[in-house]
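Everything below concerns the one structure shown next.
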Amino acid sequence: MLFFDKFFNPKSVAIVGASRTPGKLGYTILENIKYSFKGNKYPINPNAEEILGLKAYPSLLDVEEPIDQAIIVVPAEMVKNVIEEGIKKKIKAFTIISSGFSEIGEKERELELKKLCDSKKINIIGPNCIGIYKKDLDMLFFPKKRLKRPPEGFISFITQSGAFGSILLDIMANEGVGVSKFISIGNKVDVDEISLISYLERDLSTRCIAVYLESVKDGQEFIKVAKRVTKIKPIVAFKAGKTQKGSEAVASHTGSLAGPAQIYSSAFKQAGIIEAKTSDEIFDFSKALANQPVLKENKIAIVTDGGGFGIVAADATIDCGLELPSLTDVTIKVLKSFLPSYASVKNPIDITGDATVERYQKTMEAVLKDKNIFGVVCIALMQLPTLDDTIVDVLEDCKVFGKPLTVCSAGSDFIQERNRKLEMYGIPVYPTPERAVKAMSVLYEYGKILKREEIVKKK
Ligand code: COA
């Protein structure tokens with residue numbers, strides 16, 4: 001029995017180790033819960049009567065009302081006792097933030113938690129993790145002033161590393177990329193990537209599952225579950241600890257064993273998982289897969305207002321195994337009717353450095369209607385004096401054509417503001433042509449995975 005609703009949609013939560021001291025993790029967690037979570041919240045601290053304006057209780061057993069989830073942030077030696085009290089209180093879901101378990105060789109201490117899960121029908125996230133982040137359930141121990149929260153969106157992110165995950169959240173927030181659920185699983189004594197992937201399979205607000213992994217305990221089960229889920233929604237996985245030194249670091253991080261990189265790569269392939277080879281890619285791929293349709297055939301167009309960027313994108317397209325077909329005669333005729341003589345209507349289509357929003361709009365429309373073209377990488381260098389803010393709306397309107405679009409838009413503050421708007425509209429933006437093209441190629445890869453499944457079904 002898995003009590004995931006108690007983790008993600010609890011009616012009440014207790015914070016055991018809620019602290020009176022600003023700067024302590026238990027203080028920040030309570031603060032973030034207080035301002036994000038609408039249900040009942042119970043700080044537990046035998047040394048306090050009230051924290052942050054909320055009545056505090058000496059122990060879980062002193063709370064009279066039912067508690068759906070306990071977030072535990074007391075030193076490791078105290079955790080087992082807290083869980084035993086929680087079990088008496090009929091709590092089913094525990095999230096343990098505390099470190100000090102198998103990652104420092106305290107395997108016995110972790111085993112005790114495992115036994116409690118096995119025998120008492122409870123679920124644990126962690127230990128040694130940063131728990132869950134959702135817009136309405138923020139248990140991160142980072143103050144909002146130091147780590148921005150992303151807007152609501154369609155990526156759910158499972159991470160074995162709290163640090164990797166939380167920094168990615170900050171980056172996503174900065175870029176305006178939306179997140180549905182964030183789950184840091186730490187040492188995963190009970191809840192792990194497999195059970196979470198299964199849960200997210202049915203979660204309507206998750207359109208892409210991103211996973212940062214250091215190890216998988218049950219490879220066969222992982223492949224079986226992922227194979228089923230990738231028929232419905234994409235999974236992007238990044239495996240860390242690929243080298244000898246890296247896998248040694250894994251052992252002391254979450255106390256688990258990493259395996260050879262090739263084994264993971266082939267398991268990902270078998271399961272239809274898209275592998276991110278770098279930490280940038282997990283982010284780049286997820287935001288495209290969560291927000292854009294698949295690329296049905298490997299034929300794309302590049303539309304650019306910068307010749308050099310267009311050339312770099314063309315090279316990247318070929319390197320990724322995509323093609324740049326010629327446009328149909330009809331499209332070329334349409335383009336020539338409004339583009340200046342010095343523009344290029346070959347693919348890449350260069351609408352040049354004096355491109356206006358209207359020129360983008362007409363070009364994108366003509367190209368997206370072209371039957372030879374299945375997706376567009378649009379390079380919009382928005383520093384041009386001829387491009388006003390409405391470029392963002394024009395690119396958003398391209399959604400009606402139902403073909404995937406990725407955008408390359410590079411630059412500093414002024415550009416970042418426009419990029420954020422695009423991301424809010426679900427249009428993935430990248431700072432280099434290579435990354436925009438690579439993201440497009442992943443939309444093709446996932447399309448092939450889905451097609452493969454259709455072929456298998458028909459047989
Ligand atoms: N039940 C509930 N609260 C209790 C308690 C009990 N039985 N006994 C003590 N407390 C209170 C303390 O009084 C304290 O509150 P106060 O500051 O108001 O006095 C609060 O719980 C915290 O206890 P404290 O002993 O001060 O611990 P701490 O805050 O220094 O450290 C952890 C606790 C969990 C943060 C620390 O042990 C830890 O694991 N840190 C690493 C966390 C981490 O990195 N996680 C993984 C991220 S990837």
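Remarks
- Scanning the range 164-209 for residues that are in a loop (DSSP other than H, G, I, E, B) and within 19 Å of ALA226 (Cβ to Cβ) yields a count of 8.
- With respect to the conditions (1) in contact with a Gly (Cβ under 7 Å, 6 or more places away or on another chain); (2) open to solvent by 10 Å² or more (accessible area, probe 1.4 Å), ILE311 lacks only one, and its number is (1).
- Flag if PRO428 is in contact (Cβ under 8 Å) with a residue 60 or more places away in the chain and in contact with a Pro (Cβ under 6 Å, 6 or more places away or on another chain): no
- Test: residue in the range 370-392 that is among the acidic types (Asp, Glu) and in contact with a Phe, Trp or Tyr (Cβ under 7 Å, 6 or more places away or on another chain): no
- Which numbered condition PHE154 fails, given (1) of a type in the set (Phe, Trp, Tyr); (2) in contact with a Phe, Trp or Tyr (Cβ under 9 Å, 6 or more places away or on another chain); (3) assigned to a strand (DSSP E or B): (2)
- All positions within the range 59-76 that are more than 9 Å from the ligand (Cβ to nearest atom), loosely packed, with under 13 Cβ neighbours inside 10 Å and more than 18 Å from PHE8 (Cα to Cα): LEU61, GLU64, GLU65
- The range 43-58, residues that are within 11 Å of the ligand (Cβ to nearest atom), in a strand (DSSP E or B) and touching a helix residue (DSSP H, G or I) at 6+ places or on another chain (Cβ under 9 Å): PRO43, ILE44, ILE51
- ASP170, sole failed condition from (1) within 16 Å of the ligand (Cβ to nearest atom); (2) modelled with pLDDT of 95 or more; (3) under 19 Å from THR278 (Cβ atoms); (4) in contact with a helix residue (DSSP H, G or I) (Cβ under 6 Å, 6 or more places away or on another chain): (4)
- For the range 100-134, a residue qualifies if it is under 24 Å from the mean Cα position of the chain (by Cα) and within 12 Å of the ligand (Cβ to nearest atom), and the qualifying residues are ILE125, GLY126, PRO127, ASN128, CYS129, ILE130, GLY131.
- Residues satisfying the stated conditions in the range 418-453, i.e. within 19 Å of GLY306 (Cα to Cα) and of a type in the set (S, T, N, Q): ASN419, THR432
- Subset of the range 86-99 [near the ligand (Cβ under 9 Å from one of its atoms) and either more than 17 Å from MET139 (Cα to Cα) or touching a strand residue (DSSP E or B) at 6+ places or on another chain (Cβ under 7 Å) (or both)]: ILE96, ILE97, SER98
- Matching residues in the range 425-435 - criterion: being of a type outside the set (D, E, K, R) and more than 11 Å from LYS287 (Cα to Cα): TYR425, PRO431, THR432, PRO433
- Candidates in the range 10-27 are the residues that are touching a residue at least 40 places away in the same chain (Cβ under 8 Å) and open to solvent by 70 Å² or more (accessible area, probe 1.4 Å); of these, the one that is farthest from the ligand (Cβ to nearest atom) is LYS11.
- You will find that of ALA301, ALA366, the residue that is in contact with a helix residue (DSSP H, G or I) (Cβ under 6 Å, 6 or more places away or on another chain), within 30 Å of ARG452 (Cα to Cα) and buried (at least 16 other Cβ atoms within 10 Å of the Cβ) is ALA301 and no other.
- Positions within the range 108-132 being in a strand (DSSP E or B) and either open to solvent by 10 Å² or more (accessible area, probe 1.4 Å) or touching a helix residue (DSSP H, G or I) at 6+ places or on another chain (Cβ under 6 Å) (or both), in sequence order: ILE124
- Among the candidates PHE157, PHE141, residue that is surrounded by fewer than 24 Cβ atoms within 10 Å (Cβ to Cβ), closer than 18 Å to ILE185 by Cα and out of contact with any Asp or Glu (no Cβ under 8 Å at 6 or more places or on another chain): PHE141
- Residue selection: LEU30 fails the criterion of being part of a helix (DSSP H, G or I) and in contact with a helix residue (DSSP H, G or I) (Cβ under 6 Å, 6 or more places away or on another chain).
The values are calculated or read from the model by the stated rules, or taken from the named source; none is laboratory data. Bear in mind that the values here come from a model prediction, so they are computed numbers and not experimental data. Every residue, glycine as well, gets a Cβ built from its backbone with ideal geometry; the counts of neighbours run over all protein chains shown. These area figures cover heavy atoms from the full protein model, side chains too; ligands, DNA and RNA do not enter into them. Shrake-Rupley method; radii C 1.70, N 1.55, O 1.52, S 1.80 Å.
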